[in-house]
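To start, the structure under review is shown below, and the notes come after it.
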Amino acid sequence: MALSAPPLRAAPRRAWRWHTLTLAARFNLASLLVLLVSMLVTGWWVGAQIRQGVIHRTAATAALYVENFLVTQLQELGSSTWLSPGRQAAIEKLLATTPLGREIVSIKIWAPDGRVVYGQDAGGIFPIKADLARAWRGEISAEITNLRDEENASQRGQYRHLIETYVPMRLEGTDRVIAVAEFYQTTGPLDAEIAQAQRRSWGVVAAITLLTYALLSGLVRRGSDTIRRQQATLREQVGTLEGLLAQNAQLHGRVSRAAARSTAHSERVLSRVSSDLHDGPAQDLSYALLRLDSLGAHATGPQQEALGSVEQSLESALREVRAIATDLRLPDLAALTLREVLERALRDHRRRAGVDVPLDAAALPDDVPLPVKITAFRIVQEALNNAHRHAPGGPVTVTADTADGGWLVLRITDAGPGFTWCGAAPDGHLGLVGMRERAESLGGTFTVRAQAHGGTVVEARVPLSPEEHHD
């Protein structure tokens, strides 16, 4: 049993879309439509002008011809309202025996009151048309008539249209119009001449249109090719730039993570140094003080005085070592919220310096990375130490707020003499350098400026999510 093959399905046609075309194709289509419309309008107008010009030229020639033959026979209309039978017979002879009759299909002689004094419908009175009125004013007028007027009823059954010409007839030696000759000519030879002239004009217009279209298309095609090449180059450059941006983002992430690890590592190193100071030099100084106490019990007067001086120096050194060890050791901040971290820094300062500093903090997020907590704690700690050292006894305030985009803004303000720091590291300002490096390591900023009314403002902006804002 033979198996019939499945019927073939025609491939689906892709719908034509304007936006899928290239710029050159869009311009070619649009310009082609515009040029075609322009060509049609121009050709029609030129053809109409040619037709009108040929009609007027033909009418002017025929009018001169007719006037030369008839003007002598119509002179009696200057003093009479009718043509005499003799003049009518002379006109009929002219039409029958001269080339004038072969050129003219029909002729009428009009009196001023719209009355026909010679020709078909002689004696009839008809409305005065615009062309007849212009002829009475001394103008020659001509047009191709479709023979629909009342006066053309006799020609309507023989011809479809004729050239209708009105010629003013003047009294010899004057400009007075005494009659108007209306004659009709066939349009056969004239139509052929008009059609030939119009064909030539249409050919010229079409050639100019095609040449214009070809030039425009060529220019646009060259421009479109240039644009496509530039677009390809631009896409390649954008792809390269996107790759570089991705690499840069990876490097930023690595730098941010490295800065956070460096901050945590630095604190571990400081904690170890603090432990070493407490377990090493501090213990040795304590042991030395104990030995001096035991020696002082057996010493004489001068020796006791000397040992007392040494003991005071050792006690001062022990206090300094313990203070340094305490400052170097970072409290456990991981379990604290950001607000609690700032409050802890203020309590430590109150315990060391005996100065109560208020905290003005808005709603702060609780869950922030540990490097942010460490940086905030150290900046507040160092800024309060500087305020206590350079502006003792004056009011100090700490303000914490969050800005748009996820930034923590810390401001420590004192009432000291005030100064503006440009970022250098002169003697006595290493703490400022450390605060700036801590803020910038997380992608933040650090500034110190003097207030107009006195005092200094230390401001640090630290991102709450360092990996997203690190630059």
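Below, the figures for the structure above:
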quantity	calculated
Answer residue from segment 340-368, given it is closer than 21 Å to ASP404 by Cα and crowded, with 18+ Cβ neighbours inside 10 Å and is farthest from the chain's Cα centre (by Cα) among those	LEU342
Filtered residues of segment 387-405 (kept if surrounded by 14 or more Cβ atoms within 10 Å (Cβ to Cβ) and either of a type outside the set (D, E, K, R) or part of a helix (DSSP H, G or I) (or both))	ALA387, HIS388, HIS390, ALA391, GLY394, VAL396, THR397, VAL398, THR399, ALA400, THR402
Selected residue (only one of LEU35, LEU21 is in contact with a helix residue (DSSP H, G or I) (Cβ under 9 Å, 6 or more places away or on another chain), at pLDDT 70 or above, among the hydrophobic types (A, V, I, L, M, F, W, C) and under 30 Å from ALA195 (Cβ atoms))	LEU35
From LEU408, LEU432, LEU384, LEU364, residue being in contact (Cβ under 8 Å) with a residue 12 or more places away in the chain and in a loop (DSSP other than H, G, I, E, B)	LEU364
Selected residue (only one of LEU74, LEU83, LEU70 is buried (at least 18 other Cβ atoms within 10 Å of the Cβ), out of contact with any Cys (no Cβ under 8 Å at 6 or more places or on another chain) and modelled with pLDDT under 80)	LEU70
Evaluation of VAL116 against (1) at pLDDT 85 or above; (2) under 60 Å from the mean Cα position of the chain (by Cα) (one fails), failing number	(2)
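The values are calculated or read from the model by the stated rules, or taken from the named source; none is laboratory data. In this text the structure is predicted, and so the values were computed from the model without any measurement. Cβ: placed from backbone, ideal geometry, glycine included. Neighbour counts: every protein chain shown.
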